[in-house]
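For reference, the structure is listed below as structure tokens.
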Amino acid sequence: MNEFVEQFLLESRELVAQATDDLMALEDRPADKERLDGVFRAFHTLKGAAGIVEFAAMSRTLHAAEDILSALRASRQPISSNVLGECLACLDLTSRWLDAMQASGETPSAADRDADDMIARLVGAMTTDEDDKSPARTAAARDDWLDRLPAAASPSSGALTAIRYVPDPDAFFRGEDPLSIIASLPQLLAVELALTDQTLTPETIDTFNCSLEILALTKAPTAEVQSALRSIAERTDIRPLAPSAASPDSDDDLAQATSLLEAQIALLRVDGADGLSGRLESAGRTAANALLYLGRSGLAAAVEQAMTTSRSQRNAASLIAAIEQALTPEAEPPPAPGTAVPVASRALRVDMDRIDALVKLTGELIVVKNAIGHAAKRIAGDEDPAAIASILRDQHALFDRLANELQGAVLRIRVLPLRTVFRRFPRLVREIAGNVGKSIRLITEGEATEADATIVDALFEPLLHVLRNAVDHGIETPEQRASAGKPAMGTIVLHGRREADTVRIEIEDDGGGIDVDRVRAVAAAHGLASEQALAAMTEAEAVELIFAPGFSTAATVSDLSGRGVGMDSVRAAVERLGGTVTLRSRAGTGTTVTLSLPFSLMMTRVMTVEVAGQAFGLPLDTVLETTIVARDMIVPIGSGRAFVLRDRTIPLVDLADTLGLARDASSREAAKVVVVSAAGQIGGLEVDRLGERLDVMLKPMEGLLGCMTSVAGTTLLGDGRILVVLDVQEMFG
Amino acid sequence: MTIALHDDNTIRLIGACPAEDGETLLQYLLANPKAEVDWRGCESAHTAVIQVLLVSGRALRGPAAGPFLERFIGPALARSRREVPPSPPGRKMRKR
């Protein structure tokens, strides 16, 4: 099955489940705004997903449902049971379509007919809900965005045209500035901004994605606006506004509404039960609409609630009270007590196969457990110890194998292929390249390489920065390339591969390489290093300056510093994941940026060492080698000590001293040294004894111990002792 | 410089802020949760920058120098600040 379809099915099922949950909750509490928003978002996203896989029938159906939900959101009315039922039916239908797609890989053939039926039902639910009497309301629902325009309610503004513009999310990438289009509209009166995704927060927003809905009002005639916005016609909704003959100002509005509300109370106070429910309905609706028109939606909702109560009690008292309440000046009731905010748990999608593997392993573990119980019984039965020892050894071997497999299987659950992030780039690179007038192809290799989900998720931004730099600055213009004898089309290779416990991602361009002299000049201009220091740097060291914080700032949109998204942020992002970034540039032939990341955030290979009778672990990825150094080869340098290893002077740190442990005198012969690399430097750690290598699940320090420095975490050793694993970076830092 | 941080409590937007300032502004806002944004020197700002201001709901010291910002965008941002309820934690879609 096409991978997009596969992802679409997975996501859509999640969304259907989420929307169903929210609808069920709404059944209990029909006025719960949070839940209604949740349903609306789920429908909206589902519709978008259907659009991506070009499933028009589904898109159409969900659009109809979304319209209704959007109207409900705007009206702040509680959701009625028939609308709720039809929304659920719509989700059921969607589920059936998804099932059909899963089976055949294609959009179901009868979908269009089903969609028509469903849309008719949805519209029907809405109109019966509206009591067939208020076509204005249904119209208002369709145009609910008009209500959100601040000046739309007062025709005195002279507004002739209303515009709704939802820019393409990728507009920024294409170099568009949506607001500048609005700014250039003639006779602009008002602009309103909203987010298309209400859940966006500063923590979750992608600043490279446009998530805005822009509403605008102008005095210009509709035809003029339409021609001004022709270039973005498919993303805009342009509505003519009927100029109103009378132009009451808001005081008049208030006076009219007040008399209207008083009239409703008078109507309700008429004695006699005949036609009560009709009167309740009509008075309640009129009052609510009047309040909505004044923008007092809170009061309108209260009146409608009271109307429902009055109808069920067959008594006008509550409705009268609610309308009187609305007539009291500034009687906006306090906002409803905050509903419990559901905390979204971090979900991880897992292949059924992987879960099945876990189930199988669990079964095998139970067999081993039973065998061990059996062996224990035989010991009690005074059997030959040698025979039982042999049974236990066998079971231990089996248990060992299963535990390893279980660990592997659990880790694989957290693993995603790099494809999930790689596949977003070809289109982006093409667009960025188009913006700067270059033709570039992106070749991705090794997409099947897997890495921990946390890492794969976090890779998008740093990779995007590196790719942008490659497009902007790495690849030359077609003319430059032609004169350098290169093909006009530039090539960027995005390559992922697994090397032992490391996932390596290379971004290689065939551009002009980094102009080291320019780097030196920019670094000097930014005061990153003195002229002398810069002159003394080797080429490789100078190229490293690109990663220095402050090398690239937004103000200097120069050839080198890019768009204000510095390589320092790339390095910071990768180091947060426990990885490293390196850069290699060959003048005239291109630049390669390499991101090295740990395969998993959970498993760590450590080497154990012993100091003053205690065992400690050192992360194996920091250990370069172990060596023995004679005492007379260790020389004091300043307050420290150092030794020479293969013509290189290496500072030596006594681990016992560093950890504040007392060393016994017996270890004064030759020093056992672990050579480690930390923060780009090499150092030696003197220890008493070198231990073994272990794969451990590192547990970070928590609580009071959480603030301990130089400790990466702890793990349990086979004999039950706790192994403290040291953070070498912090010890040398 | 089109964007600058002063004394940890004022983020200044100056001149014509390009799209790239959106990310810079966001980083400044996240790093300085109490900082105020001063756009009195801001002539124009790319939509990406306005979007960050909208999402952040941060107080603005104005009026902005540019007429479009002053007349339309400033009031729109102020209205959205009054209306925006504390947003629920975002449901993040997981991709695979």
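The values are calculated or read from the model by the stated rules, or taken from the named source; none is laboratory data. Since we're looking at a predicted model, the values are computed, not measured. With ideal geometry, Cβ positions are generated from the backbone for all residues, glycine too; neighbour counts draw on all protein chains shown.
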Here are some conditions: (1) modelled with pLDDT of 85 or more; (2) surrounded by 18 or more Cβ atoms within 10 Å (Cβ to Cβ). A:GLY579 meets all but one. Which one does it not meet?
(1)
Leading residue by the ranking (farthest from A:GLU106 (Cα to Cα)) among those in the range A:29-54 that are of a type outside the set (Gly, Ala, Ser) and touching a Phe, Trp or Tyr at 6+ places or on another chain (Cβ under 9 Å):
A:ILE52
Exactly one of A:ALA656, A:ALA678, A:ALA662 is within 30 Å of A:VAL635 (Cα to Cα), surrounded by fewer than 15 Cβ atoms within 10 Å (Cβ to Cβ) and at pLDDT below 85, and that one is A:ALA662
Options A:ALA71, A:ALA31; residue that is assigned to a helix (DSSP H, G or I), outside the structural domain of A:ARG424 (by TED's automatic domain parsing), under 25 Å from A:LEU292 (Cβ atoms) and small (Gly, Ala, Ser)
A:ALA71
Does A:PRO221 satisfy the condition of being modelled with pLDDT of 80 or more and either on the phi < 0 side of the Ramachandran plot or touching a strand residue (DSSP E or B) at 6+ places or on another chain (Cβ under 8 Å) (or both)?
yes
Quick check on this structure: which one of A:ARG648, A:ARG641, A:ARG586, A:ARG631 is more than 30 Å from A:ASP501 (Cα to Cα), touching a residue at least 24 places away in the same chain (Cβ under 8 Å) and out of contact with any helix residue (DSSP H, G or I) (no Cβ under 9 Å at 6 or more places or on another chain)?
A:ARG631
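Every residue, every condition in (1) charged (D, E, K, R); (2) within 33 Å of the chain's Cα centre (by Cα), yes or no:
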{"position": "A:PRO487", "(1), (2)": "no, no"}
{"position": "A:ASP510", "(1), (2)": "yes, yes"}
{"position": "A:ASP517", "(1), (2)": "yes, no"}
{"position": "A:VAL522", "(1), (2)": "no, no"}
{"position": "A:GLU531", "(1), (2)": "yes, no"}
Turns out the strands (runs of 3 or more DSSP E) fully within the range B:3-53 with at least 3 residues that are within 12 Å of chain A (Cβ to nearest Cβ) and modelled with pLDDT under 90 are B:3-6, B:10-17
What's the number of the condition A:ARG441 fails, among (1) among the charged types (D, E, K, R); (2) within 36 Å of the chain's Cα centre (by Cα); (3) in a helix (DSSP H, G or I)?
(3)
Per-region count, the range A:280-292, residues surrounded by fewer than 20 Cβ atoms within 10 Å (Cβ to Cβ) and closer than 11 Å to A:SER310 by Cα:
1
Residues of the range A:500-520 classified as of a type in the set (D, E, K, R), outside any helix (DSSP H, G or I) and in contact with a helix residue (DSSP H, G or I) (Cβ under 6 Å, 6 or more places away or on another chain), total:
1
Per the filter on the range A:459-499, residues in contact with a strand residue (DSSP E or B) (Cβ under 9 Å, 6 or more places away or on another chain), over 17 Å from A:GLY513 (Cβ atoms) and outside any strand (DSSP E or B) are A:LEU459, A:PRO462, A:LEU463, A:PRO478, A:MET489
Return yes or no: is A:GLY175 on the phi > 0 side of the Ramachandran plot, more than 9 Å from chain B (Cβ to nearest Cβ) and modelled with pLDDT under 85?
no
Scanning for something over 19 Å from A:PRO78 (Cβ atoms) and in contact with a His (Cβ under 7 Å, 6 or more places away or on another chain), does the range A:39-49 turn up at least one residue?
yes
Exclusive hit being of a type outside the set (Lys, Arg), crowded, with 18+ Cβ neighbours inside 10 Å and modelled with pLDDT under 85, set A:LEU62, A:LEU23
A:LEU23
Are there any pairs with C-beta distances below 9 angstrom linking a residue in the range A:309-325 that is on the phi > 0 side of the Ramachandran plot and loosely packed, with under 13 Cβ neighbours inside 10 Å to a residue that is modelled with pLDDT of 75 or more and of a type outside the set (Asp, Glu), with the two at least 6 apart or on different chains, and if so which?
A:ARG314/A:LEU280
Consider A:ASP32 carefully, then state whether it is at pLDDT 85 or above, in contact with a helix residue (DSSP H, G or I) (Cβ under 8 Å, 6 or more places away or on another chain) and surrounded by fewer than 21 Cβ atoms within 10 Å (Cβ to Cβ).
no
Please go through the range A:198-208 and pick out each residue that is more than 7 Å from chain B (Cβ to nearest Cβ) and buried (at least 19 other Cβ atoms within 10 Å of the Cβ).
A:PHE208
Being surrounded by 18 or more Cβ atoms within 10 Å (Cβ to Cβ), away from every other protein chain (no Cβ under 14 Å) and of a type in the set (Gly, Ala, Ser): is that true of A:ALA57 here?
yes
Evaluate the range A:330-339: report whether one residue or more is outside the structural domain of A:LEU26 (by TED's automatic domain parsing), surrounded by 13 or more Cβ atoms within 10 Å (Cβ to Cβ) and modelled with pLDDT of 65 or more.
no
